[in-house]
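Q: First the structure, then my questions, so here it is.
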Amino acid sequence: LFILNVIFCCLRTAARALDLLNFTLLNGKPIRIMYSNRDPSLRKSGAGNIFIKNLDKGIDHKALHDTFSAFGNILSCKVATDSSGQSKGYGFVQFDNEESAQKAIEQLNGMLMNDKQVYVGPFVRKQERDSAISNVKFNNVYVKNLSESTSDDDLKTIFGEFGLITSAVVMREPDGKSKGFGFVNFENADDAARAVESLNGKKFDDKEWYVGKAQKKSERELDLKLQFEQSMKEAADKFQGANLYVKNLDDSISDEKLKELFSQYGTITSCKVMRDPSGISKGSGFVAFSTPEEASRA
């Protein structure tokens, strides 16, 4: 994520630049322009932030922006892409107010975009997502990292302290060797929840157990996908405004020298001088700070 701050003489000029230049291709990549906001409270609050998935691969940043701009003023708009620039089929839009976000969700969720039905909903932070998952009722418990000696009866004895068990089984290879995980089914969902809360992370035979809700393969894949999507968005939010581009560097400037020059302004998380395949400096580089405030000082 490479960021450049530009200060205009008046708001009208800035608005015109944003309108005319946003998503213009620069060296083959579309540039994204938005108003600079030093106060991170709005971004961190998640207000007006929505998540879009099942996007057609032909929908880029500009098409997404054009579609959602009908509902209000957009602060940030992005289609997630891979290393080759191809769409991953999902994106994020943040409005400057919650009302615009709600209108967009109501009008566009389930609608067709390029003949594909899209999901449009509120962006959910990891903490809230974890909390929602923890409130889901379940009877079947998954337990892993079992020792080879752990038997079905051991599971029944340990988990039976929390309530009536209808089944308990350690999964095994055809030759009878334990696979190191198993399942316990409770008659009562509250008993299953208490078992998870009490036993997850406990050590048995010097092995720390993971105990949690048993999931179908489709549920596991969906959870992993959502965790990845949200973590990528959170990472982008975290480092927005904390990355600097430096150019016109002398050929003698190394990564270490660049870090030395900038380290007086804050904690540097990465520092790199760009070089061609032969190792010769391209005269430019990037410095990432731990916070946008440190980057601003530099």
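Q: Could you grab me the full set of residues in the stretch 241-298 that are free of Cβ contacts under 8 Å to residues at least 12 places away in the same chain, open to solvent by less than 70 Å² (accessible area, probe 1.4 Å) and assigned to a loop (DSSP other than H, G, I, E, B)?
A: Asp276, Gly279, listed by residue number.
Q: I need the full set of residues from the stretch 187-213 which are open to solvent by 60 Å² or more (accessible area, probe 1.4 Å) and in a strand (DSSP E or B), in order please. Steps first, please.
A: Here is the first cut: in the stretch 187-213, the ones open to solvent by 60 Å² or more (accessible area, probe 1.4 Å) are 187-188, 190, 194, 197, 200, 202-203, 205-208, 210.
Correct list: Lys203, Lys207, Glu208, Tyr210.
Q: In the stretch 47-90, what residues are in contact (Cβ under 8 Å) with a residue 40 or more places away in the chain and within 14 Å of the chain's Cα centre (by Cα)?
A: Asn49, Ile50, Phe51, Ile52, Lys53, Lys78, Ala80, Tyr90
Q: Based on what the data block shows, is Gln240 out of contact with any strand residue (DSSP E or B) (no Cβ under 7 Å at 6 or more places or on another chain), modelled with pLDDT under 85 and not hydrophobic (A, V, I, L, M, F, W, C)? Give the steps one after another, and end with the answer.
A: On the way: out of contact with any strand residue (DSSP E or B) (no Cβ under 7 Å at 6 or more places or on another chain): yes; modelled with pLDDT under 85: yes; not hydrophobic (A, V, I, L, M, F, W, C): yes.
Taking the combined requirement at face value, the residue satisfies it.
The values are calculated or read from the model by the stated rules, or taken from the named source; none is laboratory data. Keep in mind that what you see is a predicted model, and the values were worked out from it rather than measured. Note: ideal-geometry Cβ built from the backbone for every residue, glycine included; neighbour counts use all protein chains shown. Each accessible area value is taken on the protein alone, full model and side chains, heavy atoms only, with ligands, DNA and RNA left out. Shrake-Rupley method; radii C 1.70, N 1.55, O 1.52, S 1.80 Å.
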